[in-house]
Amino acid sequence: MAFIRQDSSFLLQSSAIGISGWMRGEPIAAQPVAALPFAGGRSDQDTRNIYLNDFLSCKSASASTYIDYADEGPRLSTVVTLERVNVADVLTADRIIARLTGEPKGKGSLPISTVGTYFENLRIAGYPVEAPLELEDKFLGNEVSPVSGSLIRKFETRAIGITVSDHLISIPGFGTVALADYYHGNGNFDLVMLRVEVQNGRGSAKLAIGSVSVNMVVNRRVERPSRTFATGGAERNRVHEPTPEAWGLARSLTRKLMSADRAEAVRYTEDERQIYLTDVRSDVLKFRNAKYVLYGDSMRFPCLVAQGLPGPIPIFLGFENSLFAMIRRGSPNWLRHWTYEVSSNVLEFLAAERPLTLVPDTRIELLDVETTEKYFSEGLEHFLAVRFDARQSDISAEPGHFFTVYTKSRDLTIHISPAYAIDPYLSFGDQLSPEVSQYVQPGRWIFGAPELNVTDMIDIPPRKSTHIQK
């Protein structure tokens, strides 16, 4: 059993962003941006002379973040610095700095310091603003309850006409400004020095100026399954066990579909309507028609049997077509006898030549109709249980799952069938191997390349691809 190496009791992500947001209903390109994944490292970016539609200007902005996993725990430094910020000549600052630093103090928690965070010469309508910050440590940990607020301890200005509520400032004819706005909880700390929302004659804007954030997760040991290599038998039987709920729904729906009268509509529950059923209903009807024709003439149903398959799988050979049903119902005895002879010859040919052989041990067995129906129903239950697990319902909005079949051979036709019935004339995708891709509705499917004598049974999802190799 393999494990991910653990270098720390918890892992960090961080980001520093100078300016981001929306203007006139469109997102603006955030700049500058520095970000790091859980692996850590260093990220830096600088931008000069930022101008946004004559609404915002900034002479220079820099963003940097650093994460180092030392023996005693991770260390963090995330900083945004903006120089000469001007928002519509109403809100200005010579300098804005947002800074987060962290050093470990015991397992499972990390104190985040905001020391070094400040506004320099912040003004509203030309009037100075006194807004000292409360720079106490914020501890990160999953046990911390979420809270939002501001680092502002008090707010003073001689600007006329503005309204102040906590850290929110309403400026007539301009909009609303939030100072040193933060969110803290669930292992996260996010700080935005200026959050501006404007709706006036210049248009609308929602801007975040000077943003820093850090996210902490506990680094638990994770088991990793052995890697599956694309060798001859390495990827066979890639199926999973559906949930008990999916099994129950699949069994109930299978009984409804198999027992429904031809003239009676099936009444579906809300859960049963959550999955795509057009293909399944069509196959059930094809099986009924084939059963009707074969049973009436005391013929047996051809089934595919092979190691690796859960049991015999019925084969659709055209007996389900309306022509055979019409001959069965009202034709003279000689025509029915001729149809019987043709069908028997087809079955004998299958048994002798095995044109549907997909693996070396495959064989065709001719089973009575009642036994074949049992295997068809069991295969349909497995198929529907996987589909209920996936809950992909509307094919127009959710066109199944994108699935790819790879081979080492070129110009092969890839075979696909639901795991409850083999259709020898159904190919996968519109192109030949070595790589074929197509959207597939969820379910348990069989893929094969007859020329390679290879077949695979796949649950989609969770599988997204298979390698067919000899």
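The values are calculated or read from the model by the stated rules, or taken from the named source; none is laboratory data. Computed from a prediction, not measured in an experiment: that's the story for all the values here. Quick reminder, even Gly has a Cβ in these numbers, built from the backbone with ideal geometry, and neighbours come from all protein chains shown.
Laid out as a table, the results:
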| item | result |
| --- | --- |
| Test: residue 430 is of a type in the set (D, E, K, R) and touching a residue at least 12 places away in the same chain (Cβ under 8 Å) | no |
| Single unsatisfied condition, residue 421 versus (1) touching an Asp or Glu at 6+ places or on another chain (Cβ under 7 Å); (2) small (Gly, Ala, Ser); (3) on the phi > 0 side of the Ramachandran plot | (3) |
| Out of 98, 159, sole residue that is surrounded by 15 or more Cβ atoms within 10 Å (Cβ to Cβ), assigned by TED's automatic domain parsing to the domain that holds residue 76 and more than 22 Å from residue 75 (Cα to Cα) | 159 |
| Residue in the stretch 138-150 that is β-branched (Val, Ile, Thr), at pLDDT 90 or above and surrounded by 14 or more Cβ atoms within 10 Å (Cβ to Cβ) present | no |
| Residue, nearest to residue 289 (Cα to Cα), within the stretch 250-267, restricted to residues that are exposed (fewer than 12 other Cβ atoms within 10 Å of the Cβ) and at pLDDT below 70 | 262 |
